[in-house]
Amino acid sequence: MKKISILGSTGSIGIQALDVVGAHRERFKIVGLSASGNIDELEKQIEEFNPEVVAVFEKEKAEILSHRVGKKVKIVSGMEGLVTVATLENADIVLTSVVGSVGLLPTLEAIRRKKTIALANKETLVAAGELVTKEAKKYAAGIVPVDSEHSAIFQCLQGEDIKNVSRIILTASGGSFRDWTRAEMEKAGARDALKHPTWNMGKKITIDSSTLMNKGLEVIEARWLFNMELDKIDVVVHPQSVIHSMVEYKDNSIIGQMGVPDMRIPIQYALSYPERIESSVKRLDFSNLGQLTFMPPDIERFPCLSLAYEALKIGKTMPCVLNGANEVLVEYFLRDRIGFYDIPKFIEKAMAAHKPFSYKTVDEILEVDKWVRNWVRNEIK
């Protein structure tokens, strides 16, 4: 039986992961859970899955939850609490599904305890991909991607020699504004952006999908996950979200992974890997599928994608700046304090204001992350 800690258990990925665990209790056991502050949902999860340790990032809410559950479970808080859940001695797998760069430190600590990382927190590799992958190699810690696109690539590479890959092709749904004109998008608000046509995701990732920043972050993540150079990573818009990504080999054959757009498929694969187990997710019905269409991304309407490529090209600390700026700007956009195109505008300004440098420690990355967040907030004021 595999024992699992989940960082971000009350978010979209965390809830779906618990759905997978609940359907396979003979295979999986929850030992740790964490959330930012949704203690009502967390209390229900404690009752159902009986974890050993639970972390609540907000200290005040951790105290409230502790009074509610009594001695049933150990409650910890803050970043120290996240690290505690990520490094539980008997945890085999740590599913990191917290949103943003807050996942970086606990993920690194889990790697240093030689845990298998089921990675759903893409910002960890975006902000510090070089450091994280070096540590994973040093401590022989496996990283299995949970993102549907990276899971697809991971599956397409099984049994193959990475040297035979000519490129990887990330598919994008196109997001909420795929068919909108730029003029229409200029007037769009958060309510419009949150109406994703195919995927059921959390607010932050849904906004990132609407700007195509999500795909840009995935390009950077793919560079580190698969040790792939920038010129070998392509993006194609695929509205049906049925082919989740593809790998092209040097003989020009292409292998793709398909399935209904349901995150429980890649979550389950990451938890059960290298095995495949039965799933309750509905099958893909080819007789009712209709057509599959593809088109290149429109950089003019979605400049965040090109900014991500530029950040990766520059390298060093620039992807961290891109990520930190984007996180702050998405928060502002969700509160309707900035417009849709203010997101790429201020990201570009932040990148121009930063002098990238080669980093060696997580503290250096966290300092850059802190700097860019403050810079963006002051610039907006």
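Using a/c under 1.5 as the rounded threshold, could you call region 255-381 rounded, prolate or oblate? The axes a ≥ b ≥ c are square roots of the C-alpha gyration tensor eigenvalues, and prolate needs a/b larger than b/c, oblate otherwise.
Judged from the Cα gyration tensor, region 255-381 comes out prolate (a/c at least 1.5, a/b above b/c).
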Item to check | Relative packing of peptides 335-345, 167-177, 79-89 - highest average C-beta neighbours within 10 Å first | outcome: 167-177, 79-89, 335-345
Checklist entry - In whole Å and largest first, what semi-axes does the C-alpha gyration tensor of region 316-381 yield when each eigenvalue is scaled by 5 and square-rooted? => result 22, 11, 9
Checklist entry - Is any residue of region 212-251 close enough, with backbone N under 19 Å, to a label point placed 7 angstrom from the Cα of ASP298 along the Cα-Cβ axis, and if so, which? => result 212-216, 235-241
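What is the gain in length, in nm to one decimal, between THR198 and ILE277 on full extension, counting 0.36 nm per residue of separation less the C-alpha to C-alpha distance?
Working: separation 79, 0.36 × 79 = 28.44 nm, distance 2.48 nm.
Roughly 26.0 nm would be gained on extension.
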Checklist entry - Could you give the length gained on full extension between LYS360 and LYS163, defined as 0.36 nm per residue of separation minus the Cα-Cα distance, in nm? => result 68.1 nm
Checklist outcome for this item: Reduced to Cα centres, the span from region 9-71 to region 166-231 in Å works out to 29 Å
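Considering all alpha-carbon pairs of region 69-117, what whole percent are spaced by more than 11 angstrom?
Details: 782 of 1176 pairs.
That fraction is 66 percent.
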Next on the checklist: With the crude spin-label approximation of a point 7 Å out along Cα→Cβ, what separation in nm comes out for GLU310 versus LYS187?
Outcome noted: 2.8 nm
Checklist entry - Say the dipole of the chain comes from +1 at the beta carbon of Lys and Arg and -1 at that of Asp and Glu; which of PHE346, VAL102, ALA222 then lies farthest toward its positive end? => result VAL102
Next on the checklist: Quick one: the Cα spread of the chain along its three principal axes, in angstroms, biggest first?
Outcome noted: 56, 53, 41
Checklist entry - Once Rh is set to the Kirkwood radius over Cα pairs, what Stokes-Einstein translational diffusion coefficient, in µm²/s, holds for region 2-146 at a temperature of 10 °C and a viscosity of 1.306 mPa s? => result 108 µm²/s
Checklist outcome for this item: Two pseudo-spin positions, 7 Å from Cα along C-beta at LYS74 and at GLU43, lie apart in nanometres by 2.3 nm
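Since every read-out is calculated from the coordinates, none of them should be taken as a lab result. Just so you know, these numbers come straight off a predicted model, no measurement behind them. Quick reminder, even Gly has a Cβ in these numbers, built from the backbone with ideal geometry, and neighbours come from all protein chains shown.
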